[in-house]
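Please treat every number below as a calculation from the coordinates, not as lab data. Remember, it's a predicted structure, so these values are computed and weren't measured experimentally. All Cβ positions, glycine included, derive from the backbone under ideal geometry; neighbour counts span all protein chains shown.
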Amino acid sequence: MGDDTGPVREALDTLDLVDHHCHGIVTFGLDRQGFESLLTEGAAWPGSGISLFDTPAGVAVRRHCAPVLGLPRHAPPEEYLARRAELGGPKASRRLLAAAGVSAFCVDTGYAAERLTGPAELAELAARPGVRPAAYEVVRLESVAEAVAARGVEPDEYAAAVEAAVRQAVARPGVVAVKSVAAYRTGFALDPARPAEEEVTRAAAAWLAGPGQGDGRRLADPVLVRHLLWTAVEVGLPLQLHTGFGDSDLHLHRADPALLTDWLRLTAGTVPVMLLHCWPHQRQAAYLAAVFEQVYLDVGLALHHVGPARAGAVLAEALEITPFRKLLYSSDAFGLAEFHHLGAVAFRRGLAGLLQQRVDAGELSLPDALRIARWTGRDNALRVYRLPAPDDPGDRTGAR
Amino acid sequence: MGDDTGPVREALDTLDLVDHHCHGIVTFGLDRQGFESLLTEGAAWPGSGISLFDTPAGVAVRRHCAPVLGLPRHAPPEEYLARRAELGGPKASRRLLAAAGVSAFCVDTGYAAERLTGPAELAELAARPGVRPAAYEVVRLESVAEAVAARGVEPDEYAAAVEAAVRQAVARPGVVAVKSVAAYRTGFALDPARPAEEEVTRAAAAWLAGPGQGDGRRLADPVLVRHLLWTAVEVGLPLQLHTGFGDSDLHLHRADPALLTDWLRLTAGTVPVMLLHCWPHQRQAAYLAAVFEQVYLDVGLALHHVGPARAGAVLAEALEITPFRKLLYSSDAFGLAEFHHLGAVAFRRGLAGLLQQRVDAGELSLPDALRIARWTGRDNALRVYRLPAPDDPGDRTGAR
Amino acid sequence: MGDDTGPVREALDTLDLVDHHCHGIVTFGLDRQGFESLLTEGAAWPGSGISLFDTPAGVAVRRHCAPVLGLPRHAPPEEYLARRAELGGPKASRRLLAAAGVSAFCVDTGYAAERLTGPAELAELAARPGVRPAAYEVVRLESVAEAVAARGVEPDEYAAAVEAAVRQAVARPGVVAVKSVAAYRTGFALDPARPAEEEVTRAAAAWLAGPGQGDGRRLADPVLVRHLLWTAVEVGLPLQLHTGFGDSDLHLHRADPALLTDWLRLTAGTVPVMLLHCWPHQRQAAYLAAVFEQVYLDVGLALHHVGPARAGAVLAEALEITPFRKLLYSSDAFGLAEFHHLGAVAFRRGLAGLLQQRVDAGELSLPDALRIARWTGRDNALRVYRLPAPDDPGDRTGAR
C-alpha cells in the first residue's frame, strides 16, 4: 500500500485519470470547523472533543496532501490548516487538483452548486503544464424535478414537464450523464415497473400539495423517484446511481444495489447503469456488473475515506468478479480539493499494489496488468460516456 | 497466492479432492462466443465490445489452463481457443479434468442434462494413471417436481407424487444427496413451517392450472418450494442448497443463507444442510455452520470466478469461525472442463497460502494445518455423504 | 499476525486494556464436554464426531493459552484439559486473566449470573503484581424488565415500574452502562418512535397475560423492547447494544446495526450508543460511527472466535472509516478465562499488525499509531464511561 515501486505503479502514477463522478470544491478560506465538516460524511462535532482529523481520511490528508502544500508528511492539523490559509484556498486547491493528475472531470452539478466551483472552473483549477483537463456535467434528476415543482406545475402535466426539463438539461453542451439519488430518497426496494401515467399524476398531486415549497420541496415519493429512473431510460444517457456509503441521510441497507435486480432486468438493453461508491456493497455491485451487460461500478467516495492504506483491499473486493471493462475511477470528491488528490492517490496505489502483486505471483501478465490499469483509470469512462480521448502527454503507458 | 511452496502447499497439491458439488461439461467444440458464454454466470455480450476473457475467470483460464494444453502461461484468448480446437473438446477436457486431481465427483444432474456429460462420463474423462474417479449423483428437487407436473398429476395427489418421485430418484445407484434451488425460485425469506397438506394441494392446483406446460412449467411457488425442502427432510439424504452468487436469474439479497435460520432451527437433528457457494455471504454461512450442528458450507463457484488470486481471501472469510469439519471443497464447475481445473487450483493454492501463513506465523501447528487441508479437501465430504474412501495413490499426506 | 515485533506491537503488548464489555467466568472444573460447550456460540455436539476444539477458537486456545498454563504451543486438547484440571479452575483462570493484561472490566451481569463470577470476583482473579483491575457493571435492560414482570406488576404500571427499576439498578455503585439484547429478541427492524404510554400498557398486558411466569417470562415484544431502548435514553448512561454475531438464538440479518438508523437519528444528542461485536456487519457499524456523533463500536466476541490469525483482518474492516476515537476494545468473553486472554491477544496483535504495517509503508506516523493504540485499547472507554484513569504501572506508552 505504501512506497513500493514497480512497472504497474509507474504506469498508474503517470496515467491521466478520467474522474467519471465528482463534485466541485470550495475555494474560499476554511477555518478548522469548516474544514472538518467537509472531511466527514457526517457533521462536524464541535464540543465533542472528537476531531475529524482523527479518522482514516484525516490521517491520509496529513500524509498525502501536506507534502503537496510543501509540508512534511504527517504534519499536524494546525500546521496543515495554517499552511493552507497562508497559500489561500485557490492556490492550495490548484496545487492539490494538479497533483491529482486528472484529464477529465464529470461533475455532478445538482447539489450545493451555489457553494462549489462549476465544471469549467474546476477543470481550470486543475490545469497543469501540458494538460488542460476537460470538464463534463452530470445532471441530477431529483434536482430537475424539484425545480419543475418549484416553478409550479399541474399534477397531470408533471410527467411531461419533468421529461422535457431533463431533455433540456441534457441538451446543454458538455452533459454526458444523468444521476439519481434514489438511494437517499427511497432506497432501492422499489416496484421496478414503469409507473402508469395516472399513478404519476396522483403521486405528483400529493407531493405538490404537501409541505415545502419553492426550493424546499424534497422529492422522496417512491412513484416519482421510480418515474425519474424510467425517465432516464427514455432520455438515453448513462445513468449514475448513488449506492452504498454516503452521509447520515441514508439507510445503508436500502442502498444495496442488489435491490435493483428486477429493475435492471426490465431495463436491460437500454442505458448504461453506473453504480457509484457501492461500499460496503461492492461485491453485490460486482455481481450485477458480472451478469448484466449494462452495469458498471466504481468505489469512489470510499477511496478517500478509507485512504491509500485500505483502498487496495476495497478495490480487491470490487474486482473479485467484475469484468475489467466494467470498473471505473471516480473520486466523488466534494468540497475539498484534498479529496480530488486523495481519491486519485488511493486509486493509483491501491490498484497498482494489487495488480503488481498478481504479476509478481505469476497470476497476471504485465501487459494485462497495464491494460487493466488503463481501462479502469481512463478508457472505460471514455468508452461509456463516448468522450474524446484527452490530449494526454502524461500517459506513458502506450496505446489504448 | 502464487508460486510459493511449503509443506502445506505440497500436501494440497498432491491431495486427491472430493468435489461434492459440480456439473457435467460439454465435450463438443466451442467457438469463441460459445466458450465465452460458459465463462460467465451472465450471458455473453456479443457486439458489446466486452470480451468475457477480460474477467478474473478469463485471466485465470489463460494462466492456469493454457499450460495444461501445452501453451505458455497467459496465452491470448485466440491462441487458447485455437489450441483447444486443435486438440478437440474431448481431449482438451480430459487433460483439464485430469489436472484437477479429483477422486470423486458429486454431480447435479438436474439442469441442462441433455447438453452435459453425465456423472459416469465425467468421471471417465477425469481418469488418470492410477486414479479412476468415482461418480455420484445429486438429485435436483425442483426438476423432480417439474417432471411430476409435466407427466400430469391431480393437485390433491401432488404432495404424495412428488415425495414418491424423489424417493424413486434417490434410490438410483450412486445418488448421495438432493439439492434445492429455492434461492433462485423464491429466495430464502420463506415461512419456515412445514406446509399443511391442504396448503400444498391449493398451491399445486394454482400452479398446475397456471401458464406453462410440459417441461416449460417452472416451479416458483413459495408453498411448493417449501414443501420440497420439507420433502428433503423426510427423505433423509444431505440437502444441498444453492446460496449466494449465481446467474442473473437471482436476487442476491434473498439468497443470504441467514434467512434460513428459523427453518434450520425447526429441522435441527434431521438432515445435513450443505450451503453451496455462499459468496458474498460466506460469513453468514460460517455463522450458521458454527452454531447449527447440521450446517456445512463451501465456496464453490466463487473459486473459479475469483481465481487463485482471490480464492485465499474468500476462503479466509469463510473459515473465520467455521469449524474445520464443516468446510468442504466444491468446484460448482458447469460446462467447461476448465472450471473443474480452476476450482481445484484455486482451492489448493488459496487454502495452502492461508494455512502456510498461519504455520509460518506460529499461529497453527503444521500437523493441524495438514489435517485441515485433508478434512476440507476430502474427508469432510466422505464423512457427510458416507462415501467409501477413494483408492488414493495420489495422497501423500498420511492417514485420515 | 504472528510473532512480528516493532514499536507498535511493544506498545500494545504493554498497554493495560479497558475491556468495556465482558461477562464473568466459571471457576469450577470443566470436563471436555463442559469446556467445549463454552468454546462455541452454538451448543456442544456430543456424538457428532465434531470436536469444538477443531475451530479457529479451539486452535487459538491451544496456541495462546497452553503456554500460559505451562504447556507447549499447540498442545493437544486432552493435554490442555488435563493440565487445566491439574491446576484447578481458579488457578488456571487466575493465570489466564492475569495474562490478559486488563486494568478495568465492564461486566454484563444480566445473563447466567448464578453460574458466573461477579465483577468484583472477576477483577480480583485478574489481579497481578502492581495492577488491581477495576470492576464495573453493565445492567441488562431486558433482565430488569423480566424481573419486574416476575415480581408482578399491573400493565398500566409497567412502564413506570421498569423505569424505576432501571434507575434503581444503575444507581448501584460501579454501574457505568446499560445494555439491550434487542438484536436477539426482535432484531433492529423496529418502529423507531418512542412508544406511547397506552401502547406500552397494551403490550405489557398481552405479555403479562401470556405464557411463562416467574423467571421464565422472556421479553420479546417489539413495543416493550423499543420501550427499553427509550428508557435507556431517559436514564442517560451509555447504551450497549448487542449487534451481529452471537448464539443460535439470533437472526444475523436482523442484527445489522444499519437497521437502527432512524432510531439513531431520533436519539442524536442523547446517550452514547455502543455497538458491540458487529461482525460480520463491522462496515455497517463503522458507517454509523462515522456519521453519528453518539455511535461507537467494537469487534468483541469476533476477536476470540476468529483468533489472532484473522483479528487484524476484521479490525482493518472495522477501522476503514471509523474515527479513531470511536473504536473500543472488548472481549465479550463469557464463561472461559481463556477468552479474556484470547480477546486481548487477538486485539493487541491484530491492531499492532495493521498499524505497524501502515507505519512501515509510510502511511501513518509512529506517534499517531501509538495514539490510536492507546485510544482504542483504553482511553476511548475511559472517556465514554467517564472512568477514572487506572493506576497503570504496566503502561509504558506515555501520557494520554
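Quick look at the values:
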| item | result |
| --- | --- |
| Stokes-Einstein translational diffusion, chain C - Kirkwood Rh over all Cα pairs, 1.002 mPa s, 20 °C, in µm²/s | 100 µm²/s |
| Amide proton proximity set for C:HIS277, modelled H, under 5 Å, gap of 5+ | C:ASP298, C:VAL299, C:GLY300 |
| Kirkwood-Stokes translational diffusion coefficient of the stretch A:327-383, alpha-carbon pairs, 4 °C, 1.567 mPa s, µm²/s | 107 µm²/s |
| The stretch B:1-146 - share of DSSP beta bridges that are antiparallel (%, nearest 5) | 10 percent |
| Across the identical copies, how the C:GLY236 labels are spaced - nm, sorted shortest first, 7 Å along Cα→Cβ | 6.5, 6.5 |
| Alpha carbon centroid spacing (whole Å) that separates the stretch B:32-58 from the stretch C:1-72 | 47 Å |
| Long-range amide H partners of A:ILE25 with built H, under 5 Å | A:THR117, A:GLY335 |
| DSSP-assigned coil residues among GluC sites (Glu not before Pro) in the stretch C:96-186, each with at most 16 further Cβ atoms within 10 Å | C:GLU114 |
| Cα→Cβ-extended label distance, 7 Å offset, between A:ARG73 and C:GLN33, nm | 5.8 nm |
| Normalised convex hull volume, the stretch A:1-83, alpha-carbon set, Å³ per residue | 138 Å³ |
| Filter on C:LYS179/C:LYS326; B:LYS326/C:LYS91; B:LYS179/B:LYS326 - keep pairs with C-alpha separation over 28 Å | B:LYS326/C:LYS91 |
| Normalised contact order of the stretch A:1-111, rounded percent, pairs of Cα under 8 Å and 6 or more residues apart | 42 percent |
| Low-density loop cleavage sites - trypsin sites (Lys or Arg not before Pro) in the stretch B:78-125, where at most 16 other Cβ are within 10 Å (DSSP) | B:ARG115 |
| Local electrostatic count at B:ILE50 - Lys and Arg +1, Asp and Glu -1, tallied over other residues with Cβ under 9 Å | 0 |
| Relative compactness, the stretch B:270-362, computed as alpha-carbon Rg over 2.2 N^0.38 Å | 1.05 |
| Mean separation of Cα contacts under 8 Å (6+ apart) over length of chain C, as relative contact order % | 23 percent |
| Semi-axis lengths, Å, the stretch A:1-147, gyration tensor of Cα atoms, sqrt of 5 times eigenvalues | 25, 23, 15 |
| For the protein assembly as shown, average projected area of the Cα convex hull in nm² | 44.3 nm² |
| Efficiency of FRET from Cβ geometry, B:ASP13 and B:ARG172, R₀ 35 Å, rounded to 0.05 | 0.50 |
| Neighbour-count order for C:SER143, C:SER93, fewest beta carbons within 10 angstrom listed first | C:SER143, C:SER93 |
| At R0 = 41 Å, FRET efficiency that the Cβ-Cβ distance of A:LYS91 and A:ALA268 yields, to 0.05 | 0.25 |
| Residue among C:LEU366, C:LEU301, C:LEU141 with the largest mean-square fluctuation in a Gaussian network model of chain C, springs linking Cα atoms under 10 Å | C:LEU366 |
| Three-way shape label, the stretch B:257-303, alpha-carbon gyration tensor, a/c 1.5 | prolate |
| Taking the stretch A:116-257 and dividing mean pair separation by its residue count, relative contact order in percent (alpha carbons under 8 Å, at least six apart) | 29 percent |
| Residue-wise HN-Hα coupling along the stretch C:355-371, computed from phi with Karplus coefficients 6.51, -1.76, 1.60 (Hz; x: Gly, Pro) | 6, 4, 4, 6, 5, 4, 7, x, 7, 9, 7, 4, x, 5, 4, 5, 5 |
| Label distances, nm, A:GLU114 versus same residue in remaining copies, Cβ-directed 7 Å point | 6.7, 6.7 |
| Amide H partners (placed H, <5 Å) of B:GLN240, local residues excluded | B:VAL178, B:LYS179, B:SER180, B:MET274 |
| For the protein assembly as shown, share of DSSP beta bridges that run antiparallel, in % to the nearest 5 | 5 percent |
| HN-Hα J in Hz across the stretch B:316-321 - Karplus 6.51, -1.76, 1.60, θ = phi - 60°, x for Gly and Pro | 4, 5, 4, 9, 3, 10 |
| Exam field: B:ALA43 pseudo-label spacings to other copies (7 Å along Cα-Cβ), nanometres | 4.9, 4.9 |
| Three principal axis lengths of the stretch A:101-229 [C-alpha, angstrom, descending] | 56, 29, 24 |
| 3J(HN,Hα) from dihedral phi, the stretch A:329-341, Karplus parametrisation 6.51/-1.76/1.60, rounded to Hz, x for glycine, proline | 9, 9, 8, 6, 4, 9, x, 9, 4, 3, 6, 5, 5 |
| The stretch B:207-358: C-alpha gyration tensor shape, a/c 1.5 cut-off, then a/b vs b/c | oblate |
| Fraction of antiparallel bridges per DSSP, chain C only, in percent to nearest 5 | 5 percent |
| Chain C, helix-only ellipticity at 222 nm - DSSP H runs n ≥ 4, -39,500 (n - 2.57), divided by all residues, nearest 500 | -13000 deg cm²/dmol |
| Alpha-carbon centroids, the stretch A:105-134 and the stretch C:233-295: separation in whole Å | 39 Å |
| The stretch B:201-289 shape via C-alpha gyration tensor axes, a/c threshold 1.5 | oblate |
| Summed side-chain charge close to C:VAL102 - residues other than C:VAL102 whose Cβ falls under 9 Å, Lys, Arg +1, Asp, Glu -1 | -2 |
